[in-house]
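The values are calculated or read from the model by the stated rules, or taken from the named source; none is laboratory data. All figures in this text were calculated on a predicted structure; none of them were measured in a lab. Cβ atoms come from the backbone with ideal geometry, glycine included; neighbour counts cover every protein chain shown.
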Amino acid sequence: MWDPRFVMPNQAPPEGKRFGKSNVDLLSTRFPVSHLGWGHWYTLRELEDSTNEFADENVIGEGGYGIVYRGLLKDNSYVAVKNLLNNRGQAEREFKVEVEAIGRVRHKNLVRLLGYCAEGAHRMLVYEYVDNGNLEQWLHGDVGPHSPLTWEIRMNIILGTAKGLTYLHEGLEPKVVHRDVKSSNILLDRQWNPKVSDFGLAKLLGSDSSYVTTRVMGTFGYVAPEYASTGMLNERSDVYSFGILIMEIITGRNPVDYNRPSGEVNLVEWLKSMVASRNAEGVLDPKMTEKPSSRALKRALLVALKCVDPDSHKRPKMGHVIHMLEADDFPFREDRRTGREPGRPHRDSLMRATESGDSSGYDSGTLANRAR
Ligand SMILES: Nc1ncnc2c1ncn2[C@@H]1O[C@H](COP(=O)(O)OP(=O)(O)OP(=O)(O)O)[C@@H](O)[C@H]1O
Ligand SMILES: [Mg+2]
């Protein structure tokens, strides 16, 4: 159906609705048309209708930016409507420009932003609806004694997430830093394909103290240590968070869990100590029924450890992460090059990766205080 509010510059309206040669210019004076090539804006009325007046039974969940509702549009498609807490009082124009930058990003492993609503003080984002919950729920929710997430599914989630992030970091100009990579921001479809959500939001909604004061930028446990000292995040900090995410997916443990014994509270430190004591198999999520080969496990652990290197410049780029995850002989070839003992090359590179300093930021009073 042709919608006058949504006209791409190179998309002609159907026959009978043409306005001559420069129909886009003409249209933009007649109708409110986006000049940036993207943008479907929804009226408040439309979103109220789709969510049954933002009814409680349509609430999917609530995060740091506001409440998310499930909506059913007139064309029978489901959407997720994020009703933003707008106490930053962002001007409509500024909001639109920044939202459009996010909206133009398309990738099969990124949740698609369909449009937005900016009426009066209301600020809402409308996303494609991803219908199988988020990764946090599947890893830490009540799924019974056996997780449906097999090793293969988990590796597929890691790889798909890496592809989405690589696109944000390396496929766009200007690049997009996610700033809040974590399991609740990885949504899943029925085939367990991962879709990264909320990219660009930290920038859009700001981290300044005028915005939701209880919220730190990023989420405790996933934030790179350099944030504690500089307060700055860049794409290398996303790589760090991604490393934590890999560990979480392999172990089924939270990045920081105060319910565990003291040596196990911090996931990175516990995992390093397990690997250092040659017990890599011991880190596997006990809810995973089939165990991976030791080679596959070590490959994934090594990538995770490289990603959380305390020295941000030593962390791999996301594109390199994909390469390492997909290369069958990683890290074997690397070890052969450095002349390690041929029988157990993987163990050597893994052991080396545990030897870098405290990468967790866990002992940092600054970070811990900020997170409270
Ligand atoms: N596009 C979507 N489709 C389906 N469910 C979604 C969608 N976007 C968000 N959700 C769900 O809505 C809930 C709230 O999400 P929200 O992003 O607000 O919180 P969060 O991810 O826990 O924290 P944060 O605000 O830090 O991102 C989560 O359960 C999330 O899985
Ligand atoms: Mg989220």
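For the reader, a short list of remarks on this structure follows.
- No other residue among 44, 125, 110 is surrounded by fewer than 18 Cβ atoms within 10 Å (Cβ to Cβ), in contact (Cβ under 8 Å) with a residue 12 or more places away in the chain and in contact with a strand residue (DSSP E or B) (Cβ under 6 Å, 6 or more places away or on another chain) apart from 44.
- Subset of region 166-187 (residues that are touching a His at 6+ places or on another chain (Cβ under 8 Å) and of a type in the set (Val, Ile, Thr)): 176, 177
- Meets criteria (buried (at least 20 other Cβ atoms within 10 Å of the Cβ), at pLDDT below 95 and within 16 Å of ligand 2 (Cβ to nearest atom)) for residue 84: yes
- Within region 139-178, being in contact with an Asp or Glu (Cβ under 7 Å, 6 or more places away or on another chain) and within 13 Å of ligand 1 (Cβ to nearest atom) holds for 139, 178.
- Within region 115-165, the set of residues being outside the structural domain of residue 195 (by TED's automatic domain parsing) and in contact with a His (Cβ under 6 Å, 6 or more places away or on another chain) comprises just one member, 115.
- Neighbours by Cβ (under 7 Å, 6+ apart or cross-chain): first from region 72-85, closer than 13 Å to residue 112 by Cβ; second within 16 Å of ligand 2 (Cβ to nearest atom) and of a type in the set (D, E, K, R): 78/70; 79/128; 80/70
- Count - residues of region 187-199 that are surrounded by fewer than 20 Cβ atoms within 10 Å (Cβ to Cβ) and either in contact (Cβ under 8 Å) with a residue 40 or more places away in the chain or in contact with an Asp or Glu (Cβ under 6 Å, 6 or more places away or on another chain) (or both): 4
- Filtered residues of region 87-128 (kept if at pLDDT below 85 and within 18 Å of residue 169 (Cβ to Cβ)): 101
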